[in-house]
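The values are calculated or read from the model by the stated rules, or taken from the named source; none is laboratory data. Model, not experiment: these values are computed from the prediction. Methodologically, a virtual Cβ is constructed for each residue, glycine included, from the backbone with ideal geometry; neighbour enumeration extends over all protein chains shown.
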Amino acid sequence: MVTSAALVAILKILKSGRATRDLPGGAGRFVHAVADAVTLCRFEATSAEDDDAVLSQILYVLAACVECDCGDALSDDDLCDVFQACYRIGHQSGKETPLLRELSKQTLSEIVYHISQRTGEIVRATAVATANSREGKAPRLMSPRNAVILPPTPTPVVPATEGEEDPGSPQEVAGPGTDITAHEHSETAKDPHGLPALIEIFRFAVSLIAPDTHGRGSEDANSLFGLKLVTIMLDGNTQHFRTNRALMSLILDDLSRALCGVVVSCSANVLAATTSLITAIYADFREDLKLHLEAFVRMVILPLCSSVKGGHDQTQLVALDALVELCREEHFATDLYMYYDCDLTKPNVFEEVATVLAQTSYPGDATLAPVHLLSLEAVSNRARWASPRQAFDFANNSVIDPWSLDDGSSAIGSERFKALARMKYFKRRLLSAAEHFNRSYKKGLAYMQEIKLLPDPLEPVGVAKFLKFAPGLDKEVVGDYLGEPAAFVISVLDEYTKLFDFRDVTLDRALRSFLSGFKLPGEAQKISRILECFAARYYESNPDSVADADSAYVLSYSIIMLNTDQHNAQVKNKMTLEQFIRNNRGTNGGEDWPAEVLVNIFDSIVTDEIKLDAGGASSLTPSRWEQLLRDVNAGRGKLQATPDHVEAALYDGELFGIIWGSTAAAISAVFEHTADDAVMQSSLLGFLSVANISASHGMSEVLDQLVATLCKFANEGLTREEVLPSGERSRPLVVFGEDVRACAATRTVFALVWAAGDPALVSATADDEDAAIFCLDAMFMVTMRNRDRVHAALPILTTYLGEILRAAKKPSPACEIIVFELIRLCVVLIPNDEDVADDLVESLRLFFSLEPTVADAFFSRIAAQIDSLIEVGARNIKTQQSWDTLCKLLMASALHPGAAEKGFSALSRIMREAANVNAVNVRSCLEAASSFVDSEQGGDERSIAALQLLSDANVAVCAWASNSTVTDEERTEVIAGAWGDLVRELGRISFEDTRAAVRDDAVLTLQRVLLGAESLDAGGDLWLTTFDSVLLTMLNELTETVRKTRGRDSGAAENTARIAVACVTKTFLQYGSKMKAEDGSAFGGTLLAIMDAASLLQKHAKTEELVDAVPEAIKNVLLVLCAGEIVERDDPLWGKMWGKAGAMDVELTPAALGLNPTPMSPRAEALPVAVEATSPQ
């Protein structure tokens, strides 16, 4: 009662909130006193219930001591003592009540949680202390005592019951009570706890995981508890563990070793918790687990996933579930492929994972089990990776050393992918070479020479590297080869041993490493030759550790004999340590070996057999784990930079190429055996996933297999017969409709072909041609007969047909059917249904994707069909995009010798009737007509006829613009758009075209268009812009042509220029008043610019016609401007105008032209100018 009351009082103090960090005398002293007193308390044992109550109060007090405000001041030793006491209370003898044991675990969990919350603070304090120690200050933290590491037989906390002896109690413990921990009382408080306590508690938790470290009680319960404690300590502290080397070492060594060891013999519950922690460790510490990942996957999870004795136990389900979770990790598959499958010296771990999952998901003839569904989920997840594959040619024409290839470790992105693809290419070749070597030494090496991986003649160093590093070699065959007496093989053996680094390695470890690559042959002479070479290499590397090579040889042979003696079941009388030491007396250069050397070797061999790696967790022997840690410390355990999404996508195609076969087979098997709708749907989604990815990679063989598989299931429903109770046979379609699997397979095969089929296969070979043509005819026939549903069918049809046309590289019957059946659909359906007209015309844009050779073969007939379409359906084509499609096809026909005539005929049908030209199609028609003007197909006559179409279009535009129903906004838009395009195009043709007749007609057409645009009722700004951007440009370009032209062509050029001068001046006279009213300054500038251009043209003129025509045209302009008082005498423009006129011709003066020196009165109206287009003479 006294102990209980005291504990209650202490607990109240700790819970009261008065135990703060600023206590008089220091918080550390206070919590040390509490921890010391409570952990050393003694009490009289009474009844079991009363004892449990006291022990429970001790647990409450110790937890409160750690969790109170001043609990952080507990020293490393105090914290370890508290932790040990809490554990022993609940796990002392194995006879504790379940309640006390669970309370002990709960208390430990709370303490661990509280400490884990301070991990970041502890790590930062350690970093500061380490930095201070480098500056000459002593480190604050000291290593705690080893009290927390439990001894094999824990100290009891209560005495044994009278009459019974507790085998776990120390013999010196007597009396009715006992301490709950074995440490001594101390008055001195030490520094607050830190990293040492954190490390010891983590090690304690790890020690609970491994089954051979448990004391009494349930091993599974302890393992689960240890896994729980480790999870608590890691939760949220990933970054802190990464930044501290000591903590990271616990992850890479203690924890990883325990996780790999516990799965050898544990329950499904422990395995589930273990694999869950493995997955979490991979997700959190992935960058540091390059070497551990192979151990976790290949030696722990995959062996457990394999079927055990033909059955599927709970352990296998748990392992598969863990593998499914890993497959969901973003980088898991890529990591396996990059760091193992593309490493010349590593096994193909990703391929092994794919194989195991496929095997376990295949039910065979057995009933579908949960294990199959788990595996199906994993393979389906893997099958959803998709990315186009990249092909490289790595074939070597000269001898190459594969072991010197760049592994891409210094690169990222596509460069790393290419380097790894190269490694994978040569790894496949090495695996093939290994298969040859395993069958025959000579054939294997000859094959290596043939594929340029070994030189001819052979060199020992190249063969040695092949034997040391090549994957897939039979280790027994390698051993037999290395033991051969041939001089070349002995040279190979010598080079082989030089590939090992034995410096500062004990002889037994060196021998283990040496024998890990091959199996010693059975013949004594071969063994002797191999060991002689090994001993010589070892002595060369460690001359201070062994007297000579012979001594190393003798001890090596003795170690092998000891290994056989200790681990051969047929040997009954095992060699003792004394016998081993006696057998090796005087064998170290005539001297004895140091006793500790032989003892260590003996213990190492007895506890850890020298054997070849057989795979599985049992292969993680202490020696192999030590080798793994040495590789980690050497910097070989780090992953390279994580691939970004772009680089990761590059690997997806390679991964899919590995798994698609097994994935498809597994999904098919599950689909065949399941009766569950959800599983069936999951299988069908798997089929579609595989199909989509294979289509993106162009893997037609995968699609073929999937279609064949699904058709097999569909056919089963069609061929199955059922007899009704009446004796009649059911109708086949009824039977098929009732077959859920057959119907689902049928729907899926159609969805698969539509979504993932490769249209290029339609005309891939001559053998497929007839079938392809039949299918195309059927598609068009179905579309034609379902014209009321054409809106639904057309997108599907055009998408599929577009893929075929884009894939066609030369004319074919299939292409011909597509092209002309599409146009026939338009010709038949558009006249009767304007609602589908635009969709149908839009489908003709597929022709733009035709290869030039294909288009050239069909275009004359395409143009003829377009002519027919416009003849019957032009009135129902309403949208600008549809007209743009038709006119672009006509533009293409303008350049085709056989299609130009029909194309122009089709365009003429549109443009010669003003009713057909409107605001929707005018710009597209103008563009098409310009193409025919520029084309030389049909000669000058067709180009001139096309210019007439442009003139007719102007009439239509003007008529439309003058309609009273047209708004000002619509009129402005047409003037700035279509009419402006027309004027600019005519201006361009007038000086760019090299044909004189076409050029002249273009100028006359431009004149008709400009002078006939009065009905547009446009303002002066339009005409100012037209002069500036079109007419003056035309006049200047023609002047430059006249200047450059010599000989016979000069007359034609000057004739065009003469017509252009007339066009410019007549247009100026017609719209001069509007321009003057709009902007007098701009008007004057335009007039002077015209006179300058005319003067320059006259200067370069060579014919009298042009020399006389220029001043005559300017004279007419001046007369009208003056007579109509458009330019008055008091206008500054008057003097400038007459000055330029006089410079052009001395007779161009007001007096010479008879103008009255006084202003006219009354003001005269502007003289009308009758303009008639005349043909050039």
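Evaluation of Gly413 against the conditions (1) surrounded by 19 or more Cβ atoms within 10 Å (Cβ to Cβ); (2) touching a helix residue (DSSP H, G or I) at 6+ places or on another chain (Cβ under 6 Å) shows that the sole unmet condition is (1).
The set of residues from region 934-948 being touching an Asp or Glu at 6+ places or on another chain (Cβ under 7 Å) and modelled with pLDDT of 90 or more comprises Ile944, Leu947. Residues in region 491-513 that are free of Cβ contacts under 8 Å to residues at least 40 places away in the same chain and of a type in the set (A, V, I, L, M, F, W, C): Val492, Leu499, Phe500, Val505, Ala510. Of the candidates Asp50, Asp81, Asp22, the single residue that is crowded, with 20+ Cβ neighbours inside 10 Å and of a type outside the set (A, V, I, L, M, F, W, C) is Asp81. Within region 871-883, the residues that satisfy the criterion of being assigned to a helix (DSSP H, G or I), buried (at least 20 other Cβ atoms within 10 Å of the Cβ) and of a type outside the set (Phe, Trp, Tyr) are Gly873, Ala874, Ser882.
The criterion of at least 3 residues that are assigned by TED's automatic domain parsing to the domain that holds Asp191 and of a type in the set (Val, Ile, Thr) is met by the following helices (runs of 4 or more DSSP H) wholly inside region 1-104: 2-15, 27-39, 48-67. All of (1) under 52 Å from the mean Cα position of the chain (by Cα); (2) surrounded by fewer than 16 Cβ atoms within 10 Å (Cβ to Cβ) hold for Lys572 with one exception: (1). Answer with yes or no whether Leu515 is under 23 Å from Ala549 (Cβ atoms) and touching a Cys at 6+ places or on another chain (Cβ under 6 Å). The answer is no for Leu515. Listed by first and then second residue, the pairs with beta-carbon distance under 9 Å, at least 6 apart or on different chains, first residue in region 1-16 and of a type in the set (S, T, N, Q) and surrounded by 11 or more Cβ atoms within 10 Å (Cβ to Cβ), second at pLDDT below 85 and not in a loop (DSSP other than H, G, I, E, B), are Ser4/Asp50.
Condition check ((1) over 45 Å from the mean Cα position of the chain (by Cα); (2) within 25 Å of Asp788 (Cα to Cα); (3) part of a helix (DSSP H, G or I); (4) at pLDDT 90 or above) across all residues:
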| residue | (1), (2), (3), (4) |
| --- | --- |
| Thr799 | no, yes, yes, no |
| Lys809 | no, no, no, no |
| Val819 | no, yes, yes, yes |
| Arg824 | no, yes, yes, yes |
| Val827 | yes, yes, yes, yes |
| Asp835 | no, yes, no, no |
| Phe858 | no, no, yes, yes |
| Ala864 | yes, no, yes, yes |
| Ser868 | yes, yes, yes, yes |
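Of all residues in region 44-55, those that are under 16 Å from Val2 (Cβ atoms) have Cβ atoms under 6 Å from Cβ atoms of residues that are of a type in the set (Ser, Thr, Tyr) and part of a helix (DSSP H, G or I), 6 or more apart or on another chain, in Val54/Thr3; Val54/Ser4. For region 243-276, a tally of residues being within 35 Å of the chain's Cα centre (by Cα) and not in a helix (DSSP H, G or I) returns 2.
Scan region 957-965 and tell me whether some residue there is modelled with pLDDT of 90 or more, of a type outside the set (A, V, I, L, M, F, W, C) and either within 29 Å of Gly1080 (Cα to Cα) or surrounded by fewer than 22 Cβ atoms within 10 Å (Cβ to Cβ) (or both). The answer is no, given that none of the residues of region 957-965 is modelled with pLDDT of 90 or more, of a type outside the set (A, V, I, L, M, F, W, C) and either within 29 Å of Gly1080 (Cα to Cα) or surrounded by fewer than 22 Cβ atoms within 10 Å (Cβ to Cβ) (or both). Anything in region 658-710 that is of a type in the set (D, E, K, R) and not in a helix (DSSP H, G or I)? List them, or say none. Correct list: Asp676 only.
Can you tell me which residue in region 995-1022 is farthest from Asp934 (Cα to Cα), limited to those that are crowded, with 21+ Cβ neighbours inside 10 Å and of a type in the set (Gly, Ala, Ser)? My answer is Ala1013. Could you go through region 1007-1014 and let me know if any residue there is touching a helix residue (DSSP H, G or I) at 6+ places or on another chain (Cβ under 8 Å), of a type in the set (Asp, Glu) and either in a loop (DSSP other than H, G, I, E, B) or within 26 Å of Lys1099 (Cβ to Cβ) (or both). Looking for residues that are touching a helix residue (DSSP H, G or I) at 6+ places or on another chain (Cβ under 8 Å), of a type in the set (Asp, Glu) and either in a loop (DSSP other than H, G, I, E, B) or within 26 Å of Lys1099 (Cβ to Cβ) (or both), one finds none in region 1007-1014, hence no.
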